Amino acid sequence: MATTNKRSNASSLLGQSNADMIKSAEKQWFGAAHMHGMMLRSLLQFNLEATRFLQHRLEEDLKTAEAFSNCKTFSDLNDAGEKFCKRAIEEYGEEAAKLTNLGVGLMSKAAEDVQQEAINVTA
């Protein structure tokens, strides 16, 4: 009878230990899945902004091609080209700043989320 109780106690302890291990692993897996989701969301936000800008620039390229085809003189062509280059330089600079700020914001948010996930997993 005493042997049965020892086995029962050992099984109970082992079962509890396994349950704790499973619970810990589950927290870690959910934490990892959550982090991957946040990382994917950040990447998609960044790519969405870059795609919007690219669409805008392609539309500007198309307008410029149309403006070039409507030029009657070399001076008209030079003015259209100058206007295009000036606008492109300004817009690429603005977009670089926007993407940099977006990246900094996303990285800051990611750092906060990682810190919170670490707290959640170890709790």
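Read the figures in this text as sums done on the coordinates, not as results from a lab. Just so it is clear, the structure is predicted and the values come from calculations on it, not from any experiment. Glycine also receives a Cβ, built like all others from the backbone with ideal geometry; neighbour counts cover every protein chain displayed.
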Cα-derived Rg to Rh of the stretch 62-105, Kirkwood definition: 1.24
- line: Summing +1 per Lys or Arg and -1 per Asp or Glu among the other residues with Cβ less than 15 Å from A80's Cβ gives -1
message: For Cα pairs less than 8 Å apart in space and 6+ apart in sequence, what is the mean separation divided by the residue count of the chain, i.e. the relative contact order in percent?
response: 44 percent
message: Give me the mean projected area, in nm² to one decimal, of the convex hull enclosing the Cα positions of the chain.
response: 10.1 nm²
- prompt: Under the Karplus relation 6.51 cos²θ - 1.76 cosθ + 1.60, θ = phi - 60°, what is the ordered set of whole-Hz ³J(HN,Hα) values for the stretch 100-108, x standing for Gly and Pro?
  reply: 5, 4, 4, x, 5, x, 5, 5, 5
- prompt: According to the Cα gyration tensor, what semi-axes, each the square root of 5 times an eigenvalue, does the equivalent ellipsoid of the stretch 82-122 have, listed from largest to smallest in whole Å?
  reply: 39, 5, 4
- request: Would you calculate, for the chain, the mean residue ellipticity at 222 nm contributed by helices, counting each DSSP H stretch of 4 or more residues as -39,500 (n - 2.57) and dividing by all residues, to the nearest 500?
  value: -36000 deg cm²/dmol
